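Bear in mind that the values in this text are calculations on the coordinates, not laboratory data. Computed from a predicted structure; not experimentally measured. Cβ atoms come from the backbone with ideal geometry, glycine included; neighbour counts cover every protein chain shown.
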Amino acid sequence: MAEIRYIDAINQAHHEEFARDEHVVVLGEDVGRKGGVFGATAGLIDKFGEDRVIDSPLAESSIAGMAIGMAANGLVPITEFQFADFIHPAFNQIVSEAARMRYRSNNAFGCPVVFRAPWGGSHGTALYHSQSIEAFYSHVPGIKVVAPSTPYDAKGLLKSAIRDPDPVMFLEHKRMYRLVKGEVPSGDFTVPIGPAAVRREGTDLSIFAYGWMLHESLGAAEMVAPEGISVEVVDVRTLVPLDTQTLLKSVGKTNRALVVYEDNRFGGYGAEIAALIAEQAFYDLDAPVTRLGGPDVPGIPFAKPLEEWFFITKEKIADAIRKLAAL
Amino acid sequence: MSAMEAKARVSTARHQALGLTDQDVLDMYYYIALARALDERMWVLQRAGKAMFVISGPGHEGCQVAAMWPMDKKRDWFVPFYRSIAGCLVKGMSARDILLGLFARAEDPSSGGRQMPGHYGHPRVKILSTSSPVGTQYPHAAGIAYAAKVRKTGEVTMTAIGEGGTSQGDVHEAMNWAGIYKLPVIFVVENNAYAISVPLHKQVAGGSVAARAAGYGFPGVVAEGSDVLECYRVAKDAYDRAKRGDGPTLLEFTVPRLGSHSSDDQQERYRAKDEIEADRMRDPMRVFGTYLEGVGLLTDAKRKEIAGRVKRDIDEATDSADRAPMPEPESAARYVFFEKD
């Protein structure tokens, strides 16, 4: 099995799904000749042509709106939003239209559209190339939200998202594109939307994370291991629908819960996990559910010292682990 | 007049020059009358406390019937807005279908009673489900047309909106896509000169919606909505253009607004009396009726017959829809996501 980068896994999933089903199309800014600004759609236009690999006008609302219409008439659209930060003009189309299409038509019409968006902070990405958008969409019934953190899951979950009869927000933390590598089979396989995955077994404390934060959390678990703290790390993977069983089982085992997310802390997705644990695993807990989220400032600032102040690193997570383990 | 004179008059009639038969124009008149009567019935039901809310389009019926007339009712797509009662009727929804939505019954084909009245949709006759935010339907129509084009299905898509909705970015984004890809789509704008209370001159810079099309590289055409045959002529041109693969057309129909925005609005509060009165002279039902009289098709007997048929249809639809059961409370949890039934 070949070890490939996260971005290559995304690209592979596109190529295989395009070959599997002639109705699959992709639309977005620069997805054609350029192959996307990160290369997610590289090589598609030469193989599958301009009808299916569509360089859209620079207008995000219409990328979503066009895809909804295409899906109503038999195509299977994947939309690429160049950066998650630029998806906001499409909020109305995604929330009012895509997510509500099945419900409002009493199951007469579905909306099988994948909304792909590179999200999260990397070096030098600043306020408008780094945002976390998962809380906005996880709040909305009718759209699934996934945030894979390994190349294997990226490929398998993207295939599941493309084949899903409902809209899926597919979040790719951009820091992983070239940094995270992993073994991925070259042929067809899927990872189901739904189940979380325990990435590291432990007994003293459970961390719940997704995207790049999973990797920082695994690093932190490694750091505190020599200190005798055994940390379990759970990859949430699918934010909607949430695998509550796997999360609660882990809390039942370790009795301590740390939720780590890069979005600013207040009202972030991690708050929902914390609420779930507080409501349903209260008597399993030896210490309060703890959240480690980004600071409540409007974005990740650009200058290196400011950026470092913002970023949740394995060192910061390790500190949070030590504090929680000592309670 | 003599039989020969009458024949000569009919043979030069405008509708025949457009390729419409006598039966066609009488059927068009029936649909206009049906939509008007349905509209009036809905307001009566609302005022009587039988319905929560009405939003309709008295004055818009003529252009809607005319625009839908060239469309293939089974194959082509319609992406309506909340005033599209006549358009939906011609496309294949029944008066009962519309009233099931008004009463929010379980059988309501648009939404099973989930949406407010006026949010039409019908999978069997290819009317896409619609929402309340205006303008969102335009990209949907262009997207459907894109799929039709690359899948080579030959389908034409028509969508409709008011002139107020054309201020939305989505409308312009959709027209831009449609122009770039020469999509088989017809963008209809029913310009009744008011967006709730905001008049045209505060809505549309330059005063012309149709002129917008030039910027997107396709024709924009204006027709007076009370002139049903002229509306048909421009709609047929747009339809043929789409069929030929020549791309989209923007049709602006200037229509009278014969009623308030909705049952929660009183237009007398922001429109002058004489303006409202002047609009009544442009009532498409009246103007088209006069034309049909003039060509000898709408005799007193025929008018009576159509009125009788319309009344019967509306009465039956009202009774039947009223008797239909409400949705089960627990059904509200269903179909957030796909379910195997």
Of all DSSP beta bridges in the protein assembly as shown, antiparallel share, percent nearest 5
20 percent
Test of understanding: in a Gaussian network model of chain B with alpha carbons linked when under 10 Å, which of B:Lys273, B:Lys91, B:Lys236 would top the mean-square fluctuation ranking?
B:Lys273
Counting only helical runs of four or more DSSP H residues, what would the 222 nm mean residue ellipticity of chain A come to if each run contributes -39,500 (n - 2.57) and the total is spread over all its residues?
-10000 deg cm²/dmol
Put a dot 7 Å past each Cα toward the Cβ at B:Phe53 and A:Asp188; how far apart are the dots in nm?
4.5 nm
Please report B:Asp170, A:Asp164, B:Asp264, B:Asp39 as a ranked list, fewest other C-beta atoms within 10 angstrom at the top and most at the bottom.
B:Asp264, A:Asp164, B:Asp39, B:Asp170
Under the 0.36 nm per residue contour assumption, what length would be gained going from the current alpha-carbon distance of A:Leu327 and A:Arg20 to full extension?
105.2 nm
Between A:Val37 and B:Asp315, how many nm apart are label points set 7 Å from Cα along the C-beta direction?
6.6 nm
Calculate, in nm to one decimal, what B:Asp240 and B:Lys202 gain on full extension: separation in residues at 0.36 nm each, minus their alpha carbon distance.
10.3 nm
Which of the peptides A:205-211, A:179-185 is most tightly packed, and how do the rest follow, going by the mean number of other Cβ atoms within 10 Å of each residue?
A:205-211, A:179-185
Average beta carbon contacts from partner chains per residue of B:328-340, 10 Å cutoff
4
Can you give the alpha-carbon Rg of chain B over 2.2 N^0.38 Å, where N counts its residues?
0.99
Extension gain B:Ser132-B:Val44, at 0.36 nm per residue separation less the Cα-Cα distance, in nm?
29.4 nm
When only alpha-carbon atoms count, how far does the protein assembly as shown stretch along each of its three principal axes, as whole angstroms with the largest first?
110, 54, 45
Inside 10 Å of the C-beta atoms of B:105-112, what's the mean count of C-beta atoms belonging to other chains?
3
Within a Gaussian network of chain B (alpha carbon springs, distance under 10 Å), most fluctuating of B:Gly217, B:Gly92, B:Gly49:
B:Gly49
Likely footprinting exposure, B:Trp77, B:Trp43, fewest C-beta neighbours within 10 Å first:
B:Trp43, B:Trp77
Ordering B:182-194, B:58-70, A:13-25 by per-residue average of other C-beta atoms within 10 angstrom, highest first, gives B:58-70, B:182-194, A:13-25
Run the quick spin-label model on A:Leu306 and B:Thr153: label points 7 Å from Cα toward the beta carbon, then report their separation in nm to one decimal.
5.0 nm
How high is the relative contact order of chain A, in percent, with contacts defined as C-alpha pairs under 8 Å that are six or more residues apart?
16 percent
Based on the alpha-carbon set only, what is the convex hull volume of chain A divided per residue, in Å³?
128 Å³
How big is the C-alpha Rg of the range A:197-326 next to the rule-of-thumb value 2.2 N^0.38 Å, as a ratio?
1.00
Peptide A:108-121 - average C-beta neighbours from other chains (10 Å radius):
2
Fewest to most neighbouring Cβ within 10 Å: what's the order for A:His139, B:His172?
A:His139, B:His172
